[in-house]
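Inspection log for the structure reproduced underneath, given as structure tokens.
All of the numbers you see were taken from the coordinates with simple rules; none came from a lab. Note that the structure is a prediction, hence the values are computed from the model and not measured. Here Cβ is always computed from backbone atoms with ideal geometry, including for glycine, and neighbour counts include all displayed protein chains.
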């Protein structure tokens with residue numbers, strides 16, 4: 001092979017790989033956005049999802065195509081849930097299997113599209129847990145694990161901590177997937193991950 | 001500082017054969033290593049539900065680079081560098097496909113791979129990998145700044161993250177460089193050291209080729225090292241010699257034999273090597289050059305010797321200078337002798353000249369007669385202090401004894417040359433030999449004057465005055481006494497009392513010169529054989545010093561020249577033994593006296609440069625016989641010996657006054 005051709009080939013490879021790996025890094029490292037507790041859209045939608053008579057209310061925003069969300073779902077379906085907390089699943093993109101398992105586990109499920117989640121709820125990433133107290137105040141809006149891909153899902157501990165007024169609850173970062181198309185385009189312009 | 005860092009990271013451009021082979025092997029292994037990432041990553045993606053097909057596509061894409069490098073790059077180091085980039089890209093893929101509970105552990109891949117890259121022995125590979133990582137972080141930061149400081153991580157957290165990567169990169173770079181310098185670059189180090197040694201050897205050769213001394217070394221077995229100074233080859237030629245004697249044998253066999261004997265002592269190792277080397281010969285002659293040889297043991301200061309350094313120096317000019325100085329001293333000494341006894345010296349010189357001519361030519365065919373002439377010349381030369389001639393004569397005698405034949409031509413020519421040089425040195429003195437004047441003692445003058453005043457007949461006065469032309473025997477006796485003293489001094493027998501009795505006799509100097517020349521052997525025998533050492537004499541109850549009487553006298557109408565000593569006397573039993581060994585008659589005293597004058601018979605076992613060859617008395621006998629004389633010897637053990645030479649009156653000078661009247 002001619003030397004100049006080799007150089008071009010190698011340089012092309014280097015550039016492509018650098019860009020590709022860079023986007024992968026960005027998609028993994030980027031801090032996924034959480035909704036603001038003061039966002040009226042979130043409060044309005046939660047009010048719509050909240051069962052009547054519930055004092056403590058938790059909404060699990062999970063994305064059926066997101067591995068992290070799937071792990072949270074598995075956890076929700078397999079763990080003993082608190083009796084005094086009304087819990088619902090806001091599932092992004094319909095998934096019959098998940099819905100069936102949720103029904104079996106006693107979780108009400110509301111399916112939304114990514115666009116609706118972004119427009120109506122102001123949420124662009126999952127998995128996200130939202131907790132309201134009896135006064136409709138959002139007491140928690142954050143992730144489930146202390147670190148990325150962490151095996152210890154902290155939802156039960158977080159719910160207990162919030163209800164125990166004496167303890168301080170730390171909001172965990174959101175480790176997971178971009179849900180909105182805009183965010184996905186930003187984080188994965190080469191469409192490797194999404 | 002920056003320069004040092006660059007020098008540490010960037011290897012020297014030269015790639016040795018060893019490095020090339022090593023990198024070819026390692027690059028091949030590494031390519032297989034990265035190729036195996038494909039199935040592994042597919043499995044990881046499968047189990048983590050991160051897309052096996054995506055793993056196939058992305059891993060294959062990353063593998064394109066190393067394959068291009070491996071199959072197209074000429075420089076093996078460039079291939080290794082491409083592997084540095086590949087390793088970091090593979091790490092990124094692993095973290096991506098390893099999403100799940102162990103995703104964080106997948107990051108160890110980066111640190112493991114950074115360490116593994118050290119096996120290429122090239123800091124640039126590690127630096128490239130680190131730069132690749134840094135570049136990705138930079139790009140991501142530029143694209144999405146929040147991603148680097150993800151989840152609100154403070155700057156110091158990011159700094160710690162980067163510090164670990166930098167720390168490992170620096171450490172592995174150091175390891176890689178050390179690996180290169182000390183293992184991969186070993187060939188280069190050896191080459192460099194070899195070049196240094198070659199340069200030093202070249203310098204050493206230059207030195208050895210130009211130095212005027214001969215240097216060579218011997219190991220403990222005596223083997224000669226191949227390295228030696230060029231002077232050694234110039235002296236001894238291109239000899240394929242294993243030992244020093246073999247090297248030198250061709251030019252000086254005697255030296256070679258002596259060295260062999262000395263080296264046997266060295267090998268026996270009974271004495272310190274320095275002592276044994278002192279026994280080795282210290283000078284040789286190579287093609288007319290005098291070579292001084294010294295030996296120095298080699299080895300650690302406080303350890304055993306490992307070899308011997310042989311240093312050879314050409315001392316020809318030094319020896320020549322010493323010879324000239326010696327001859328100069330000899331000439332000065334001879335001048336002193338001449339001042340004291342010019343006539344005696346001139347006579348010796350004239351006689352010596354004649355003898356040298358006889359020796360140098362083939363005039364004397366009889367070996368015995370030739371031996372007598374040589375021995376007489378040697379004795380007289382020693383007595384007059386002309387050692388260069390005495391030494392040459394001694395050499396000739398030794399050669400004759402060894403060969404049993406006539407002396408070698410070279411030695412005779414050497415004697416002639418030495419004599420010529422002596423004559424040249426003394427030409428001014430010996431050249432003005434003027435015998436036209438007459439020296440008389442005051443007593444003789446008074447005697448003639450008294451005779452004239454007393455009206456003694458004119459013929460008697462004339463005879464008395466004619467006798468003035470003869471040499472007083474006292475002069476001869478005095479000369480003999482001087483000779484005796486010198487011999488005694490040389491033999492460390494100082495203090496011998498010499499009594500001279502001339503009885504007013506005069507003899508024709510020219511006619512009697514042969515006799516007096518040979519008579520020196522009697523003097524030498526008396527001192528060397530007769531007179532005991534002072535200690536020996538005291539032990540025997542004798543005086544400390546010996547006594548010798550030398551006289552000339554007229555007895556019963558015969559002239560007698562007598563020498564009597566009070567020494568140990570002749571060992572007649574020994575004379576008989578030696579006579580019988582030679583098949584000579586040894587029945588009575590007369591036979592034994594006759595044997596004394598037989599050539600080659602001596603009571604001594606070994607000849608010295610003074611006596612012991614049995615040639616001197618033979619020469620005397622010949623001289624006495626030539627003057628129609630006879631010799632009588634009487635000796636008693638412990639009491640001394642008397643040698644008496646009798647001559648008839650007719651051989652004395654008999655000039656008549658009438659001859660002068662006619663003139």
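So the values come out like this:
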quantity: Residue within the stretch A:112-127 that is loosely packed, with under 15 Cβ neighbours inside 10 Å, without any contact (Cβ under 8 Å) to a residue 40 or more places away in the chain, in a helix (DSSP H, G or I) and in contact with a strand residue (DSSP E or B) (Cβ under 9 Å, 6 or more places away or on another chain) present; calculated: yes
quantity: Evaluation of residue A:163 against (1) out of contact with any strand residue (DSSP E or B) (no Cβ under 8 Å at 6 or more places or on another chain); (2) over 23 Å from residue A:74 (Cα atoms) (one fails), failing number; calculated: (1)
quantity: Selection within the stretch B:224-236 - touching a helix residue (DSSP H, G or I) at 6+ places or on another chain (Cβ under 9 Å) and surrounded by fewer than 19 Cβ atoms within 10 Å (Cβ to Cβ); calculated: B:227, B:228, B:230
quantity: Of all residues in the stretch B:163-187 being touching a helix residue (DSSP H, G or I) at 6+ places or on another chain (Cβ under 6 Å) and surrounded by 16 or more Cβ atoms within 10 Å (Cβ to Cβ), the one that is farthest from residue B:110 (Cα to Cα); calculated: B:184
quantity: Some residue of the stretch A:153-160 being surrounded by fewer than 21 Cβ atoms within 10 Å (Cβ to Cβ), in contact with a strand residue (DSSP E or B) (Cβ under 8 Å, 6 or more places away or on another chain), closer than 24 Å to residue A:38 by Cα and in contact (Cβ under 8 Å) with a residue 40 or more places away in the chain; calculated: no
quantity: Within the stretch B:33-56, considering residues that are assigned to a loop (DSSP other than H, G, I, E, B) and within 13 Å of chain A (Cβ to nearest Cβ), the one surrounded by the fewest Cβ atoms within 10 Å (Cβ to Cβ); calculated: B:49
quantity: Residue A:81, sole failed condition from (1) part of a strand (DSSP E or B); (2) over 17 Å from residue A:123 (Cα atoms); calculated: (1)
quantity: Residue within the stretch B:93-108 that is closer than 18 Å to residue A:15 by Cβ, surrounded by 23 or more Cβ atoms within 10 Å (Cβ to Cβ), in contact (Cβ under 8 Å) with a residue 40 or more places away in the chain and within 14 Å of another protein chain (Cβ to nearest Cβ) present; calculated: yes
quantity: Enumeration of residues in the stretch A:16-57 that are surrounded by fewer than 17 Cβ atoms within 10 Å (Cβ to Cβ), within 11 Å of chain B (Cβ to nearest Cβ) and in a loop (DSSP other than H, G, I, E, B); calculated: A:33
quantity: Test: residue in the stretch A:128-146 that is assigned to a helix (DSSP H, G or I) and more than 14 Å from chain B (Cβ to nearest Cβ); calculated: no
quantity: Number of positions in the stretch B:207-220 that are surrounded by fewer than 16 Cβ atoms within 10 Å (Cβ to Cβ) and free of Cβ contacts under 8 Å to residues at least 40 places away in the same chain; calculated: 4
quantity: Whichever residue in the stretch A:166-194 is touching a strand residue (DSSP E or B) at 6+ places or on another chain (Cβ under 6 Å) and under 22 Å from residue A:137 (Cβ atoms) and, among such residues, is farthest from the other protein chains (Cβ to nearest Cβ); calculated: A:171
quantity: Residue ID - farthest from residue B:92 (Cα to Cα), chosen from residues in the stretch A:4-15 that are surrounded by fewer than 20 Cβ atoms within 10 Å (Cβ to Cβ) and facing chain B (nearest Cβ under 7 Å); calculated: A:6
quantity: Boolean, residue B:78 is part of a helix (DSSP H, G or I), in contact with a helix residue (DSSP H, G or I) (Cβ under 8 Å, 6 or more places away or on another chain) and farther than 20 Å from residue A:193 by Cα; calculated: yes
quantity: Evaluation of residue A:175 against (1) more than 10 Å from the chain's Cα centre (by Cα); (2) buried (at least 17 other Cβ atoms within 10 Å of the Cβ); (3) closer than 28 Å to residue B:106 by Cα (one fails), failing number; calculated: (1)
quantity: Matching residues in the stretch B:310-320 - criterion: being part of a helix (DSSP H, G or I) and surrounded by 12 or more Cβ atoms within 10 Å (Cβ to Cβ); calculated: B:316, B:318, B:319
